[in-house]
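Below is one structure; the comments refer to it alone.
No value in this document is a laboratory result; all are computed from the given coordinates. Computed from a predicted structure; not experimentally measured. Ideal geometry is used to build each Cβ from the backbone, glycine not excepted, and the neighbour counts take in all protein chains shown.
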Amino acid sequence: MTTTRDRNAWTLHTDWRDEGNCRDEDPELFFPITRVTSGDEDDLIVETEPPYPVPRAKAICERCTVAADCLAYALQNGVPFGTFGGMSAYQRELISKPMKRKRCPGCASTELINEGKHEICGSCGVSWDVGLLD
Ligand code: SF4
Ligand SMILES: [Zn+2]
């Protein structure tokens, strides 16, 4: 489970974010969470987020000049929530697993360019490791 406090910690020290197209947008677009109470006496609150970005957030990211830095930050730090560089945490998790793919985990395009150990999406430009080839 991720807490609001954790999220605030992850969003510190990201200077490129000042240049981001999202700087004047509602953060809830980029950190869409659903809070569900367990119904137990402890009243546990579970936070989840949808597997894909909110369409409006994705559109904002698509016009962002620092999208590559933003996505790289999230991938390199394993940020487990939020939309960065137009990709949700679920999509980033997919992309972090080395694998040859039929579709881009970011935009579902089938226009994939094979570069040996990597594949690159010809549509959105995201790339991933294909792992060991036999
Ligand atoms: S890519 Fe998206 S989340 Fe990242 S800085 Fe740009 S608009 Fe914001
Ligand atoms: Zn793509």
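A simple spin-label model places the labels of THR110 and LEU44 4.3 nm from each other, with each point 7 Å out along Cα-to-Cβ.
Computed 3J(HN,Hα) for region 80-90, one whole-Hz value per residue from the Karplus formula 6.51 cos²θ - 1.76 cosθ + 1.60 where θ = phi - 60°, is x, 7, x, 9, 10, x, x, 10, 6, 4, 5, glycine and proline marked x. Taking trypsin sites (Lys or Arg not before Pro) across region 64-105, the ones in a DSSP loop with at most 15 further Cβ atoms lying within 10 angstrom of their Cβ are LYS100, ARG101, LYS102, ARG103. Each peptide in 19-32, 49-62 gets a packing score, the mean of other Cβ atoms within 10 Å over its residues, and the list from highest to lowest is 49-62, 19-32. Based on alpha-carbon centroids, what's the gap between region 61-92 and region 42-56 in Å, whole number please? That distance is 17 Å.
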